[in-house]
1. Distance from the Cα centre of the stretch 5-21 to that of the stretch 87-151, in angstrom?
2. Could you list, bin by bin from short to long, the percent of Cα-Cα pairs of the chain in 5 Å steps?
3. By its C-alpha gyration tensor, with a ≥ b ≥ c as the square roots of the eigenvalues, how is the stretch 83-137 shaped: rounded for a/c under 1.5, else prolate for a/b larger than b/c, else oblate?
4. Can you classify the stretch 149-201 as rounded, prolate or oblate using the Cα gyration tensor, where a ≥ b ≥ c are the square roots of its eigenvalues, rounded means a/c under 1.5, and otherwise it's prolate if a/b beats b/c and oblate if not?
5. Under a GNM of the chain (C-alpha, springs under 10 Å), which listed residue has the highest mean-square fluctuation: MET132, MET110, MET67?
6. Just rank LEU85, LEU44, LEU97, LEU163, fewest to most, by other beta-carbon atoms within 10 angstrom.
7. Taking only pairs that are 8 or more places apart or on different chains, how many Lys pairs in the stretch 149-201 have Cα atoms under 15 angstrom apart?
8. On a C-alpha basis, how far is the centre of the stretch 37-69 from the centre of the stretch 178-207 in Å? Whole number, if you could?
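Only the coordinates and a few stated rules stand behind these numbers; no lab work does. Just so it is clear, the model here is predicted, and its values are computed rather than measured. Don't worry about glycine lacking a Cβ; one is built from the backbone with ideal geometry, like all the others, and counts go over all protein chains shown.
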Amino acid sequence: MVITYPSKNHIVSLPFGYDASNDKDYKTFYELFDNKHPGIDFDLPENSKIYSSINGIVVRKEFHQGMGNTLGIRNGNILSIYAHLNEILVNPGQIILQDTFVALSGNTGMATSSAHLHFELRDLSKTVLKNMVFEPIFNIEISNFKNEFIYKVNNKNIPKNALNISERYFGTLDFAKLILERNNLDLKYDTIFPEGLELIIPNFRNQ
Ligand SMILES: [Zn+2]
């Protein structure tokens, strides 16, 4: 998989891994990532066009306190995140081609003081958030792409079933059947999975 730039302007205002130990405003946020900036900030005026960096399915369209209007697009184990947006033009469950115009940049959410795009990549095959984020390198083949990955069921906060796993990884309930079939599970859509079950998360299509 090749990652393309999410914007036409590539001016980086804060690089990946920037040491944010002295940042007082967003201390608790950065502590989740060992005090390192987990993405790349692109310096963009509000309402700049944002393009999908990957082919994928929209899994997240929400307002997040820190990241503002946030869009997430997934392909296999790779999740691309676009934050502080003014407007999101696509919907959960929608399959998106790379370089499609998907959003307008902005300055929304608490963790921003000037207009920019926070762009982040996560490897969902990792279990801990700070290990999921990795440095986006553009326009060359990345080595960690996997078409499918394992999610180990954790029922502590939300008991997991085929429906909420479908929503989490596909943005919609429509993939519950695919999840059960791929794992050879003869269960109802709302049956709670056993704690610790290693669930194969299929991709939105085979490629
Ligand atoms: Zn950022």
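1. Spelled out, the Cα-based centre of one part sits 13 Å from the other.
2. Histogramming the chain at 5 Å steps yields 1, 7, 15, 19, 19, 16, 11, 7, 3, 1, 0 percent.
3. Numbers: a/c = 2.03, a/b = 1.18, b/c = 1.72.
Because a/c hits 1.5 or more and a/b fails to exceed b/c, the stretch 83-137 counts as oblate.
4. Working: a/c = 1.32, a/b = 1.17, b/c = 1.13.
Cα axes put the stretch 149-201 in the rounded bin.
5. Greatest mean-square fluctuation among the candidates belongs to MET110.
6. Values: LEU85 27, LEU44 24, LEU97 10, LEU163 18.
Exposure proxy ranking, most exposed first: LEU97, LEU163, LEU44, LEU85.
7. Numbers: LYS152/LYS160; LYS160/LYS177; LYS160/LYS188; LYS177/LYS188.
Close lysine pairs found across the stretch 149-201: 4.
8. 28 Å
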